[in-house]
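Rule-based calculations on the coordinates, nothing more; no lab input. Everything quoted here is computed from the prediction, not taken from an experiment. Cβ: placed from backbone, ideal geometry, glycine included. Neighbour counts: every protein chain shown.
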2 protein chains.
Amino acid sequence: MLYFEQMFAGPASARAFSFMAPMSEILDFDKEGGLIAAVVQDANTRRVLMVGYMSREALEKTLTTGHVTFYSRSRRQLWTKGDSSGHYLHLKSIATDCDGDALLVEAEPAGPGVCHNGYYSCFYRTLEDGAWVENDTRAYNPDAVYRTQETKAKR
Amino acid sequence: MLYFEQMFAGPASARAFSFMAPMSEILDFDKEGGLIAAVVQDANTRRVLMVGYMSREALEKTLTTGHVTFYSRSRRQLWTKGDSSGHYLHLKSIATDCDGDALLVEAEPAGPGVCHNGYYSCFYRTLEDGAWVENDTRAYNPDAVYRTQETKAKR
């Protein structure tokens, strides 16, 4: 909520308008059928943690709650990272690129790892000598965090 | 070429095979119609520079030349960042995420800026108080680098 209050000064309707106006001018949701790629970077370590996709709704929910929220292409619904695991991504800032078709989200991860496989970053495999090699050790046990396949799917 | 030689030890045919086998097992090019989102991060400063899309061909060209190469969705062809501007992205490493549907490319930019608008990073606008605000100054004059609209489109 603190983030929300920092972003918008007026009453709820004015807030929504002040956000939507510049967003609709700059952001291009059309290239990917209503979605924009969103890169999440740890605001402190600068490690890239994950890439997701945001719809307008996902972006608005991210801004109003301060919890980074995506649109799941496979489940066709919004999902807030951390709703199942508790490992929320606390929003620090959002930037967009020259074409307005990608977002760079700086966030502070609440948990030890963002990846549902137990790693700090989803990018835990690097190409070496023609093969993908793990570049990190597990930060937590995903089986203890995601008790069912359903919650694992939700992350 | 040094990068290429580091990656593959055998003759050309063996190299291609050793690369293709693990790539086809892990990477998911199907979600975006043959493309994977590729985040480029400065290997030294850790700043995220841009997001592009790679086809299998673009990834192979990136690996064999050491110059980061994308597939342009608007022009429907490969484009090597720097071919017009000289601002090549020298490949340092490539990681993939848990789902195999995104790439994280660490690179050293040859020029002062990656963005065709003259900025160091394409993510030069940050959302502040409901509006997009420039968060950086221009690193070079794009009109001097991209002489025609055609070369600007190619970047």
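Ranked by the mean number of other Cβ atoms within 10 Å per residue, highest first, peptides A:135-147, A:39-51 order as A:39-51, A:135-147.
Mind checking the mean number of beta-carbon atoms from other chains within 10 Å of the Cβ atoms in B:90-96?
So the per-residue partner count for this stretch is 4.
Classify segment B:42-115: rounded, prolate or oblate, from the alpha-carbon gyration tensor (a ≥ b ≥ c, eigenvalue square roots; a/c under 1.5 rounded; otherwise prolate if a/b is larger than b/c)? Here segment B:42-115 falls in the oblate category. Close amide-amide hydrogen proximity is noted between A:Gly111 and A:Tyr88, each under 5 Å apart and 5 or more residues distant or on a separate chain (H modeled in the peptide plane; Pro and chain starts excluded). Inter-copy label distances for B:Ile26: 3.4 nm (label point placed 7 Å from Cα along Cα→Cβ; shortest first). Shape class of segment B:69-155 from the Cα gyration tensor (axes a ≥ b ≥ c, square roots of the eigenvalues): oblate, since a/c reaches 1.5 or more and a/b does not exceed b/c.
As a proxy for reagent exposure, B:Tyr124, B:Tyr53 were ordered by neighbouring Cβ count within 10 angstrom, fewest first; the result is B:Tyr53, B:Tyr124. Relative to its Kirkwood radius, the Cα radius of gyration of segment B:99-140 gives an Rg/Rh of 1.10.
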